[in-house]
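The values are calculated or read from the model by the stated rules, or taken from the named source; none is laboratory data. Fair warning: this is a prediction, and the values are worked out from it, not measured in the lab. Backbone-built Cβ (ideal geometry, glycine too); neighbour counts: all protein chains shown.
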DNA sequence: ATGACGGTGTGGCACCGA
């Protein structure tokens, strides 16, 4: 089984690239963030024509998430139950394969703007609500993958210039503490199960030649539950789509499982 | 590095992302 996550920064703009990437990278499921499309504008037709099932939860202009799968998924949830959220940031579903069920949660964490702002407070509340929900999901679905754009760089080694970014959004102690609390429910960062090249990022600013200079952050993650940890055989970042004409500012992350 | 770039909306720019 192969899973991927990619913040495409507008599915309308990136649909051709996404379809090309999926054709070259035959994953079983991909979690897509920042579709920026209301559900009535979601390109199900084009995706279906390419063989993809889609569960999506979107809105105009901002946010929006989708799970694209080769097989149909069940138990689809949108957003966090009991957490009243106007922003479309979560879609979840259950994949059933020959090796059993795997629960997939696709999450687009709030950006948070800057510490001390209302948006930062919302990010913290959102992460707390997510943790409570994931705890419950883990009890009913021990084989669980939480993947998406977390908008948090877990450690300094996930930041191209930790001194410049110290205390800045994505790198604050408060965000990292919330992320650790989520992980302590019984999840592991698939990327760190393996030796990785130093200076591995998933996002590079569009400005200031950041990609060419490899100045980025690792903020897109695939977390797997303890029950799946032993099955993970690889986790990589594919920088190729970031080199395309009109790229997303994020690169896809792929995890492979012996399932 | 108070900037930069890119997407969206209905714009002549502002807002947001990260």
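Checking each residue in region A:81-112 for being more than 19 Å from residue A:143 (Cβ to Cβ) and exposed (fewer than 14 other Cβ atoms within 10 Å of the Cβ) picks out A:81, A:82, A:84, A:86. Please determine, by comparing only the residues of region A:13-40 that are surrounded by fewer than 20 Cβ atoms within 10 Å (Cβ to Cβ) and touching a helix residue (DSSP H, G or I) at 6+ places or on another chain (Cβ under 8 Å), which one is farthest from residue A:247 (Cα to Cα). For region A:13-40, the residue satisfying everything is A:19.
Considering region A:87-113 alone, what residues qualify as being more than 19 Å from the chain's Cα centre (by Cα) and modelled with pLDDT of 95 or more?
First pass over region A:87-113, keeping only residues more than 19 Å from the chain's Cα centre (by Cα): A:96-101.
If the condition is that a residue be more than 19 Å from the chain's Cα centre (by Cα) and modelled with pLDDT of 95 or more, then A:101 is the only one that fits.
Residue A:51 meets each of the listed conditions (1) more than 30 Å from residue A:234 (Cα to Cα); (2) away from DNA strand B (no atom under 12 Å from the Cβ); (3) part of a loop (DSSP other than H, G, I, E, B) apart from (1). Residue under question is residue A:22, and the condition is that it be without any contact (Cβ under 8 Å) to a residue 60 or more places away in the chain, part of a helix (DSSP H, G or I), touching a strand residue (DSSP E or B) at 6+ places or on another chain (Cβ under 8 Å) and within 16 Å of DNA strand B (Cβ to nearest atom); does it hold? Judged against the criteria, residue A:22 is not a match. Name the residue that is farthest from DNA strand B (Cβ to nearest atom), counting only residues in region A:78-116 that are in contact with a helix residue (DSSP H, G or I) (Cβ under 9 Å, 6 or more places away or on another chain) and in a strand (DSSP E or B). Only one residue fits best here, namely A:102. All of A:234, A:153, A:210, A:190 fail the test of being surrounded by fewer than 17 Cβ atoms within 10 Å (Cβ to Cβ) and at pLDDT 95 or above, apart from A:234.
Could you tell me whether region A:60-72 includes any residue that is touching a residue at least 40 places away in the same chain (Cβ under 8 Å), under 17 Å from residue A:141 (Cα atoms) and surrounded by fewer than 22 Cβ atoms within 10 Å (Cβ to Cβ)? Full working, then the answer.
Of the residues in region A:60-72, the ones touching a residue at least 40 places away in the same chain (Cβ under 8 Å) are A:63-66, A:68-71.
Now drop any that are not under 17 Å from residue A:141 (Cα atoms), which leaves none.
No, region A:60-72 contains no residue that is touching a residue at least 40 places away in the same chain (Cβ under 8 Å), under 17 Å from residue A:141 (Cα atoms) and surrounded by fewer than 22 Cβ atoms within 10 Å (Cβ to Cβ).
Scanning region A:1-12 for residues that are crowded, with 17+ Cβ neighbours inside 10 Å and farther than 18 Å from residue A:70 by Cβ yields A:7, A:8, A:9, A:11. Here the condition is being farther than 15 Å from residue A:145 by Cβ, assigned to a helix (DSSP H, G or I), within 14 Å of DNA strand B (Cβ to nearest atom) and over 15 Å from the mean Cα position of the chain (by Cα); of A:17, A:59, it holds for A:17 alone. Taking the numbered list (1) at pLDDT below 95; (2) crowded, with 22+ Cβ neighbours inside 10 Å in turn, residue A:245 passes all entries but (2).
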